[in-house]
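The values are calculated or read from the model by the stated rules, or taken from the named source; none is laboratory data. Please read all numbers here as calculations on a predicted model, not as lab measurements. As a convention, Cβ positions derive from the backbone with ideal geometry for all residues, glycine included, and neighbour counts pool all protein chains shown. These area figures cover heavy atoms from the full protein model, side chains too; ligands, DNA and RNA do not enter into them. Shrake-Rupley method; radii C 1.70, N 1.55, O 1.52, S 1.80 Å.
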Amino acid sequence: LEQGNTEDTVTVDASAYGTEGSSIYLHLEEEIALNDLLYGLMLSSGNDAAVAIAVHIGGGTQAFAEIMNKKALELGAYNTNFVTPNGLHDDAHYTTAYDLARISAEAMKNNEFREIVSTEYYRTETGEIARTFKNKNRILWEYAGGTGVKTGYTKAAGRCLVFAAEQEGMELIGVVLNCPNMFEDAKAMLDYGFENYET
């Protein structure tokens, strides 16, 4: 969102096509708007969308990871090192709950980002086929004032969630990692925050 134009047309190359794990099933050489890829990434955890975006913005996944790491350092996320654009396992790819909260708090200042991560359903407008995405983040449906942010899962990391909600003008952002009951625990943490803190 900072370095691209959401109306950009992205051509899906071989490195993005068939990426393992969660996917929005991009076709090889498919042309699709960056905006549609962002929704596929954030709502449906499209690992293929992440690679297509990384290639479009950075010229490749390694160069994009360097952009990510530079931004993370600027935000004070000192215990983070990104290698992949989608979080698929790599021993050198790591972060902390604290760093993810810092990164997410900054991201939520971007109105386009906020709109994407708070969207429950989205239908693509470009690409070879029409795709409908349902946001995997149940906080949006199940918690009053839910505003985002992102689910994640790998065998190594377990179930992970960055979550946010806003009530009476105060927004809270939290993170749970390797958390089997991530939605229930997130709700309990939000309840605690709203009951015990004020701006």
Based on what the data block shows, is Arg131 open to solvent by less than 30 Å² (accessible area, probe 1.4 Å), modelled with pLDDT of 95 or more and charged (D, E, K, R)? yes
Residue check: is Lys136 among the charged types (D, E, K, R) and under 12 Å from the mean Cα position of the chain (by Cα)? yes
Qualifying positions in the range 25-50 - open to solvent by less than 10 Å² (accessible area, probe 1.4 Å) and not charged (D, E, K, R): Leu26, Ile32, Leu34, Leu37, Gly40, Leu43, Gly46, Ala49, Ala50
Could you give me the residue pairs with C-beta distances under 6 Å whose first residue belongs to the range 105-130 and is closer than 17 Å to Thr151 by Cα, whose second residue is β-branched (Val, Ile, Thr) wherever it lies, and which are 6+ apart or on separate chains? Ala105/Ile173; Val117/Val149; Ser118/Thr147
Restricting the range 143-163 to residues that are among the small types (Gly, Ala, Ser) and touching a helix residue (DSSP H, G or I) at 6+ places or on another chain (Cβ under 7 Å), the residue that is surrounded by the most Cβ atoms within 10 Å (Cβ to Cβ): Gly148
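Which members of the range 69-90 meet the condition of being open to solvent by 40 Å² or more (accessible area, probe 1.4 Å) and either touching a Cys at 6+ places or on another chain (Cβ under 9 Å) or modelled with pLDDT of 95 or more (or both)?
Those that are open to solvent by 40 Å² or more (accessible area, probe 1.4 Å) and either touching a Cys at 6+ places or on another chain (Cβ under 9 Å) or modelled with pLDDT of 95 or more (or both): Lys70, Lys71, Leu73, Glu74, Tyr78, Asn79, Asn81, Val83.
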Pull up the range 96-128, narrow it to residues that are touching a helix residue (DSSP H, G or I) at 6+ places or on another chain (Cβ under 8 Å) and of a type in the set (Val, Ile, Thr), then point me to the one that is surrounded by the most Cβ atoms within 10 Å (Cβ to Cβ). Val117
Give just the number: which of (1) at pLDDT below 95; (2) surrounded by fewer than 16 Cβ atoms within 10 Å (Cβ to Cβ) does Glu168 not satisfy? (1)
When Lys134 is run through (1) in contact with a Cys (Cβ under 8 Å, 6 or more places away or on another chain); (2) charged (D, E, K, R); (3) under 20 Å from Tyr122 (Cβ atoms), the failure sits at (1)
Look through Phe183, Phe194 and report the one residue that is more than 20 Å from the chain's Cα centre (by Cα), surrounded by 16 or more Cβ atoms within 10 Å (Cβ to Cβ) and part of a helix (DSSP H, G or I). Phe194
Top-ranked residue in the range 171-180 [being part of a loop (DSSP other than H, G, I, E, B) and among the hydrophobic types (A, V, I, L, M, F, W, C); ranked as farthest from the chain's Cα centre (by Cα)]: Cys179
